[in-house]
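Accompanying notes for the structure given below.
The values are calculated or read from the model by the stated rules, or taken from the named source; none is laboratory data. None of the values given here were measured: they were computed from a predicted structure. Cβ: placed from backbone, ideal geometry, glycine included. Neighbour counts: every protein chain shown. Note: accessible area is taken over every heavy atom of the protein model, side chains too, but ligands, DNA and RNA are not part of it. Shrake-Rupley method; radii C 1.70, N 1.55, O 1.52, S 1.80 Å.
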Amino acid sequence: MSHLTREAISVSSDDELFKLLAKELERRISVTRESPEFAAEIQKLPMGLRAMAATYELDVSLVMDDLGWHFGNWHNTVLAEETIRGLDELGAAELAVIFREAFHIALRFWDELGTKDWSKWYHGSPLEKEIEPLNERARKILDGKKNGIFEYWVNYARKYPERVANAN
């Protein structure tokens, strides 16, 4: 199986590069994202890949749901901290600030988000109402991006190929 190389980064289109990055993450991560070991496993990756792995589900959450829903689906404080570091590393500083604010709000409701029926509780909850302005800010930032958070991945890989690729 081929590995991501600096040469592949430099000659790939943005779409091709995103696919290469996703394949590299898939190759290097042996546990599922739902696994309690996921956050620990991504901490062993090179900095750029670690940041990408930590931010993948956030992109999905912002497209499909919202920040509050993200913390219900990904109810893991270590992963949330990794996501903040990942956004910062990828150059998504504004999103990192928003996510950090949302995480601090979510922590006040962490017990509710950890229940089996959290999704029934969430709609109309104080958390959903309090976090809505942050959702709007995050979406406004991502509206200008063709591929959401994944655009940060591609730009980062081009700027810092040594943080994601083999030395070839």
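Residues are listed down the side, and each one gets a yes or a no for (1) in contact with a strand residue (DSSP E or B) (Cβ under 6 Å, 6 or more places away or on another chain); (2) touching a residue at least 60 places away in the same chain (Cβ under 8 Å); (3) open to solvent by 30 Å² or more (accessible area, probe 1.4 Å):
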| site | (1), (2), (3) |
| --- | --- |
| Leu4 | no, yes, no |
| Asp15 | no, no, yes |
| Thr32 | no, no, yes |
| Ala40 | no, no, yes |
| Leu45 | no, no, no |
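If we keep just the residues of region 150-168 that are hydrophobic (A, V, I, L, M, F, W, C) and part of a helix (DSSP H, G or I), which is most open to solvent (accessible area, probe 1.4 Å)?
Result: Phe150.
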Do you know which residues across region 100-125 are of a type in the set (A, V, I, L, M) and more than 16 Å from Glu82 (Cα to Cα)?
Ile105, Leu113
Kindly indicate whether Glu26 is open to solvent by 50 Å² or more (accessible area, probe 1.4 Å) and among the charged types (D, E, K, R).
yes
Across region 93-149, which residue is modelled with the highest pLDDT among those that are open to solvent by 10 Å² or more (accessible area, probe 1.4 Å), in a loop (DSSP other than H, G, I, E, B) and among the polar types (S, T, N, Q)?
Thr115
Does Leu62 fit the bill of being within 19 Å of Ile141 (Cα to Cα), part of a helix (DSSP H, G or I) and either touching a residue at least 40 places away in the same chain (Cβ under 8 Å) or in contact with a strand residue (DSSP E or B) (Cβ under 8 Å, 6 or more places away or on another chain) (or both)?
yes
Condition first: farther than 18 Å from Gly114 by Cα, open to solvent by less than 10 Å² (accessible area, probe 1.4 Å) and not acidic (Asp, Glu). Now tell me which residues in region 63-83 satisfy that.
Thr83
